[in-house]
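Colleague: First the structure, then my questions, so here it is.
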Amino acid sequence: MTQLSDITGRARGSYVQLEQLIAQRFPARKLQLLHRNRALSALAGANKSNFRGRGIDFEEVRRYQAGDDIRSIDWRVTARTGAAHTKLFREERERPVMLLVDQRQGMFFGSRYCFKSVLAAHLAALLTWSALEGGDKIGGLVFNRREHREIKPRRSRRTALALLSEICKYNAALPAPPGKAAPP
């Protein structure tokens, strides 16, 4: 089991630097956020849904077979061909990870070690790198009092770096506390 001090040891100060957030990719490898014993066969995605259902993505129409759900009969194709046909749907098996990172003035306080805004940035970086390592799509929303920036979920390092860059930009926009220097 990973010690919490190993993961949060780098969170220090009033402002965060992009290099610090990129460096979080190494301790993020130690995190185990997913429980992956549900996958029973080769699936379209990495995760199998815990809920049994018809799915939402239309896949194909095929001839009705005994045991098929009668609610999924395609009546138009059945009327056209004269034989019963049923619709098949594919279940959603991807799990995009969306992060919401608050960089408002209310997060600009903290203990002797770091501000809450810096800790939020480091935790978002850990989750970003851990999700990317697990093969999930990563996206998020970074906001302050006046504006926000949305990063659409994608499975790429470029998206992770864009999200972390936005976090740094919003963090640097926080006003410096009295007697402290603003970020470089």
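The values are calculated or read from the model by the stated rules, or taken from the named source; none is laboratory data. The structure presented is a predicted model; accordingly, all values stated were derived computationally and were not measured. When we count neighbours, we look across all protein chains shown, and the Cβ atoms used for this are built from the backbone with ideal geometry, even at glycine. What goes into the accessible areas is simple: the full protein's heavy atoms, side chains included, and nothing from ligands, DNA or RNA. Shrake-Rupley method; radii C 1.70, N 1.55, O 1.52, S 1.80 Å.
Colleague: Scan region 81-92 residue by residue and report those that are in a loop (DSSP other than H, G, I, E, B) and surrounded by fewer than 16 Cβ atoms within 10 Å (Cβ to Cβ).
Modeller: Gly82, Ala83, Ala84, Glu92, listed by residue number.
Colleague: Could you tell me how many of the residues in region 97-114 are touching a Gly at 6+ places or on another chain (Cβ under 7 Å) and open to solvent by less than 70 Å² (accessible area, probe 1.4 Å)?
Modeller: Here the count works out to 3.
Colleague: Turning to a different aspect of this structure: Given the conditions (1) open to solvent by less than 30 Å² (accessible area, probe 1.4 Å); (2) part of a strand (DSSP E or B), report the number of the one that Ser117 does not fulfil.
Modeller: (2)
Colleague: May I ask you to verify whether Lys137 is open to solvent by 10 Å² or more (accessible area, probe 1.4 Å) and without any contact (Cβ under 8 Å) to a residue 12 or more places away in the chain?
Modeller: No: the conditions fail for Lys137.
Colleague: Related question: Please go through region 54-72 and give me each residue that is at pLDDT below 85 and closer than 23 Å to Lys137 by Cα, ordered by number.
Modeller: Listed by number, the residues that qualify are Gly55, Ile56, Asp57, Phe58.
Colleague: Just wondering, is there one or more residues in region 60-67 that are of a type in the set (D, E, K, R), touching a Ser or Thr at 6+ places or on another chain (Cβ under 8 Å), part of a loop (DSSP other than H, G, I, E, B) and open to solvent by less than 80 Å² (accessible area, probe 1.4 Å)?
Modeller: no
Residues checked against (1) touching a Cys at 6+ places or on another chain (Cβ under 8 Å); (2) open to solvent by less than 30 Å² (accessible area, probe 1.4 Å); (3) touching a residue at least 40 places away in the same chain (Cβ under 8 Å):
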| residue | (1), (2), (3) |
| --- | --- |
| Glu133 | no, no, yes |
| Glu147 | no, no, no |
| Arg157 | no, no, no |
| Leu174 | no, yes, yes |
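Colleague: Go through (1) at pLDDT 55 or above; (2) farther than 22 Å from Glu166 by Cα and name the single condition Asn37 misses.
Modeller: Answer for Asn37: the failing condition is (1).
Colleague: Across region 1-21, which residue is modelled with the lowest pLDDT among those that are open to solvent by less than 50 Å² (accessible area, probe 1.4 Å) and of a type in the set (A, V, I, L, M)?
Modeller: Checking each candidate, the answer is Ile7.
Colleague: When you scan region 105-114, how many residues do you find that are in a loop (DSSP other than H, G, I, E, B) and touching a Ser or Thr at 6+ places or on another chain (Cβ under 8 Å)?
Modeller: Matching residues across region 105-114 total 1.
Colleague: Quick test for you: out of Ser72, Ser117, pick the one residue that is of a type in the set (Ser, Thr, Tyr) and over 21 Å from Ala28 (Cα atoms).
Modeller: Ser72
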